[in-house]
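Asker: One structure coming up, written as structure tokens, with questions to follow.
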Amino acid sequence: MIITKRTNLKNHLKDLNSNMTQVIDTNKYIEFVRQTTSPASTDYAQLLARMTELEATHDADVPRLLTAALGMSAEAGEFTEVVKKIFLQGKPYNEENVFHMKRELGDLCWYLAQACMALDTNFEEVLQMNYEKLSARYPEGSFDVYRSENRVEGDL
């Protein structure tokens, strides 16, 4: 069954999950994904219009913000890859691999600087905001599982 109206998405998702012992119909799932994807994610003209709108009406630094987001994600993946290989695949925890991880952290910092420039901020402000957020979440000054999992409204 192919869904043609957005109003059927709730029923469509229910159909996908109706019996967890059955295999999901991948064609139905692909159609579900197609219908739940934003226009700017599927159409270059709409993406370009959205980015232009953000630059023109909200003064967003779209190229730098995009560079930062894609770069931080990629570099975090590279750092994670080294950690994964050390923890799960027997790669040695040695000077060479520690150096590699530090290099990836440096690359993350480069992209963090791009993000700071895009958002007209600096490392100090970002660190201060993070300190304030975590101090409010953990007022006793130490990690608490309950507070970690049960956030107050506005605690992002």
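Asker: Tell me which of 109, 65, 99 sits at the most positive position along the dipole axis of the range 47-119, charges placed on C-beta atoms (Lys, Arg +1; Asp, Glu -1).
Answerer: 99
Asker: Considering only protein heavy atoms, what per residue accessible area in square angstrom results for the chain with a 1.4 angstrom probe?
Answerer: Roughly 78 Å² per residue, with all protein chains present.
Asker: If you don't mind, there's one more thing I want to ask. Once every DSSP H run of n ≥ 4 in the chain is given -39500 (n - 2.57) and the sum is divided by its residues, what mean residue ellipticity at 222 nm do you get, rounded to the nearest 500 deg cm²/dmol?
Answerer: -22500 deg cm²/dmol
Asker: List the longest stretch of the chain that has no exposed loop site; here a site is one of the GluC sites (Glu not before Pro) assigned by DSSP to anything other than H, G, I, E or B, with at most 12 other Cβ within 10 Å.
Answerer: By the stated rule (loop sites, at most 12 other Cβ atoms within 10 Å), 1-139.
Asker: Follow-up. Which of 63, 92, 139 moves most in a GNM of the chain, Cα contacts under 10 Å?
Answerer: Among 63, 92, 139, the largest GNM mean-square fluctuation belongs to 139.
Asker: Would you indicate which of (i) 1.26; (ii) 1.07; (iii) 1.01 is the value of Rg/Rh (Cα atoms, Kirkwood Rh) derived from the coordinates of this structure?
Answerer: (ii)
Asker: Run down the aspartates and glutamates and flag those whose C-alpha is under 14 Å from the C-alpha of residue 85, throwing out any fewer than 8 positions away in its chain.
Answerer: Qualifying aspartates and glutamates at Cα under 14 Å: 96.
Asker: Could you please report the charge total around residue 116, scoring K, R as +1 and D, E as -1 over all other residues with beta-carbon less than 12 angstrom from its beta-carbon?
Answerer: Taking every other residue near residue 116 into account, the sum is -3.
Asker: Ignoring ligands, DNA and RNA, what percent of the accessible area of the chain is carbon or sulfur (1.4 Å)?
Answerer: 58
Asker: Which net charge results when you count Lys and Arg as +1 and Asp and Glu as -1 among the other residues whose beta-carbon is under 12 Å from that of residue 131?
Answerer: With Lys, Arg at +1 and Asp, Glu at -1, the net is -1.
Asker: Suppose we flag chymotrypsin sites (Phe, Trp or Tyr not before Pro) only when DSSP calls them loop and at most 15 other Cβ atoms lie within 10 Å. Which is the longest uninterrupted stretch of the chain?
Answerer: 1-92
Asker: At a Förster distance of 22 Å, what's the computed FRET efficiency of residue 126 paired with residue 58, Cβ-Cβ distance as r, to 0.05?
Answerer: The value I calculate is 0.65.
Asker: Would you tally the net charge around residue 72, using a Cβ to Cβ cut-off of less than 14 Å, leaving residue 72 out, and scoring K and R as +1, D and E as -1?
Answerer: -3
Asker: Keeping all protein chains in the complex and leaving out DNA, RNA and ligands, what accessible area do you get for residue 144 with a 1.4 Å probe, in Å² to the nearest 10?
Answerer: Number for this one is 50 Å².
Asker: I need the trypsin sites (Lys or Arg not before Pro) found in the range 24-94, filtered to DSSP loop residues with at most 16 other beta carbons within 10 Å of theirs.
Answerer: Loop-located and lightly packed - none at all.
The values are calculated or read from the model by the stated rules, or taken from the named source; none is laboratory data. Nothing here was measured: the structure is a model prediction, and the numbers come from that model. Neighbour counts run over all protein chains shown; Cβ positions are idealised from the backbone, glycine included. Remember, those area values only see protein heavy atoms, side chains included, never the ligands or the DNA or RNA. Shrake-Rupley method; radii C 1.70, N 1.55, O 1.52, S 1.80 Å.
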